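Some notes on the structure that comes next.
All of the numbers you see were taken from the coordinates with simple rules; none came from a lab. Keep in mind that this is a model prediction, so the values were computed, not measured. Please note: Cβ atoms are built from the backbone with ideal geometry, for glycine as well, and neighbour counts cover all protein chains shown.
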Amino acid sequence: MSIEKVEELAKRRGFFWPSAEIYQQVAGFWNYGPLGTALKRKIIDAWRSHIVKRDDMVEIDGAQIMPMHVFKSSGHLSSFQDPLVECKKCKKIFRADKLIQDKTGKIVPEAMKPEEFDKLIKENKIKCPCGSEFSSTEMFNLMLKTFIGPKQDEVLYMRPETCQSIFIDFPLVYRVSRSKLPIGIAQVGKSFRNEISPRNAIFRTREFTQAEVEVFFNPKKEDDFEKYKEIKDYKIRFALLGKEDDIKEMSCEEALNKKIFRSKIEAYYLSLHLQFFERIGIPRELTRLREIGPEEKPFYAKSAWDLEVKTSLGWTEIIANHYRTDHDLRSHSEGSETDLSVMDGNEKILPWVWEDSMGVDRLLLALLDVGLRDDSKRMFLKLSKEISPYQLAVFPLVNKDGLNEKAREVFDMLKDKFDVFFDESGSIGRRYARQDEIGTPFCVTIDYDTMKDGTVTVRFRDDMNQKRIKIQELERICPLYSG
Ligand SMILES: [Zn+2]
């Protein structure tokens, strides 16, 4: 499906739409409607269950606005920036690295100097679509600033990622959770980036939700990791460096033996996240694990992987994964002059970190894109029952002769246990169509036979088959049906 179609459906049915549309809206900010809010919450709940709970992680909820010093230590102040060029004539602004990448098809290293961008733009004769030349490259910081105090004279920053509070709070969280290394600390929350060109609906935005995991471990014991056994035979679709188009399927064990994975910790957490994708309904063949090469990965990362999903935008990054060493804890220890090391048994150490950083909005968009089917006869949204905003809908066939009251009764009986939608108006065909489009796995219709023998019609989203069952069986059968 195309992103335009997904966006059209999202607005028409109430998943998401641009923020402040009745005023002069600003690109890159979106509001979630009732269905989008429910879907997003369920994606996060499934992630909590599959990652946080399964791995005995703890979760925190940090402030979104933080002082400048945090980002001085983390390196964001000096290096979280994009190279920009401006057209001398039409004044349009572009990212220099993207221009070069689009023209040459080669990945441009992150850490290049402005003069190097200028040189490549000149060498490849890159010009603005309007035909004019560009100004020299300038580096532009991606953080959003804000101000506090009566004179608004103190500068603070909106966090550009959720993980910094996890690093800063690490010794405190480690102590209060009475845990041992390795320990995973998770956080879900908003982050903010001053994106130059927000695009593709909620894929690239200026305000977004992340679900991040930072696993702290003793580097001397990284392969002394029992949980690895649970996933060692799990097969992953690898897109290795330089061979991205030739996807190789390999078990974790094989990848570890071939030194494609550098540790059991890495294999375990990447597998867990891929299994999470499968759990919420992304087919395996639409996933791949892309190796990030030395030119693309951050300098402190020993290895980096993108977990990608194939959408109508092509292969898109949903989770960025980094083997971060002790870079973060060391930088904040030095920057704050506070010792962030902890005890691991009798040993005092600064743990290393494995990170999985997921874009929740991107994942939601990918699920809609992958799930939306349009087969000329009808449109339907194939969402798994765990995350579909409603698990079932209840309708009276007609709005008279007591059918409506009976349908309400059934609705009331089910709504404590399931997310149920009640709809009494319009033709039954239209009511089915509406539920198909929002991903409701099945619908229950109360008709004249219900009044006689207590049975209802159950109709399935994916194949449109219908079945008659007794009302008393609904509660037991719903979880099985809503697959
Ligand atoms: Zn121009």
What nm value, rounded to one decimal, do you get for the distance between residue 2 and residue 180 when each label is placed 7 Å out toward the C-beta?
-> 5.7 nm
The chain: antiparallel bridges as % of DSSP beta bridges, rounded to 5, reads 85 percent
Restricted to region 390-481, the DSSP antiparallel beta bridge percent, nearest 5, is 55 percent
For region 81-141, state the average projected area of the convex hull of the C-alpha atoms over all orientations, rounded to one decimal in nm².
-> 3.6 nm²
By how many degrees, between 0 and 90 and to the nearest 10, does the Cα long axis of helix 3-13 differ from the longest principal axis of the chain?
-> 50 degrees
Extreme residue, positive dipole direction of the chain, given options 450, 427, 73 (C-beta unit charges) = 427
Computed label-point distance, nm, for sites residue 220 and residue 72 using a 7 Å Cα→Cβ extension | 3.5 nm
If r is the Cβ-Cβ distance from residue 341 to residue 199 and R0 is 45 Å, what FRET efficiency results, to the nearest 0.05?
-> 0.60
Going from the fewest other Cβ atoms within 10 Å to the most, one would list 23, 268 as 23, 268
Roughly what % of Cα-Cα distances in region 165-275 sit above 25 Å, to the whole percent?
-> 43 percent
For n ≥ 4 DSSP H runs only, could you compute -39500 (n - 2.57) per run for the chain, divide by its residues and tell me the 222 nm figure to the nearest 500?
-> -9000 deg cm²/dmol
Computed magnitude of the charge dipole of region 81-141 (debye, nearest 20; Cβ of K, R +1, Cβ of D, E -1) = 340 debye
Compute the separation of the alpha-carbon centres of region 322-398 and region 184-241 and state it in Å as a whole number.
-> 7 Å
Which loop GluC sites (Glu not before Pro) in region 18-123, with loop taken from DSSP, have no more than 12 other Cβ atoms within 10 angstrom of their Cβ?
-> 21
Nearest-20 debye value, region 291-404 charge dipole, Cβ charges on Lys, Arg, Asp, Glu = 920 debye
Counting Lys and Arg as +1 and Asp and Glu as -1, each charge on the Cβ, what is the dipole of the chain about the Cα centre in debye, to the nearest 20?
-> 960 debye
Using the charge dipole of the chain (Lys, Arg: +1 at Cβ; Asp, Glu: -1 at Cβ; taken about the Cα centre), state which of 109, 270, 379 has its Cα farthest towards the positive end.
-> 379
Per-bin percent of Cα-Cα distances, the chain [10 Å] = 4, 17, 24, 25, 17, 9, 4, 1, 0
Alpha carbon centroid spacing (whole Å) that separates region 1-27 from region 108-132 | 34 Å
Hey, quick one: spin label on residue 405, modelled 7 Å out along Cα-Cβ, who in region 432-476 has an amide N within reach, i.e. under 12 Å?
-> none
Amide H neighbours of residue 372 under 5 Å, at least 5 residues apart or on other chains, H built in the peptide plane: list them.
-> 382
Semi-axes a, b, c in Å (a largest) for region 416-483, each sqrt of 5 times a Cα gyration tensor eigenvalue, come to 18, 15, 11
Normalised per residue, the volume inside the convex hull of the alpha-carbon atoms of region 377-470 in Å³ amounts to 89 Å³
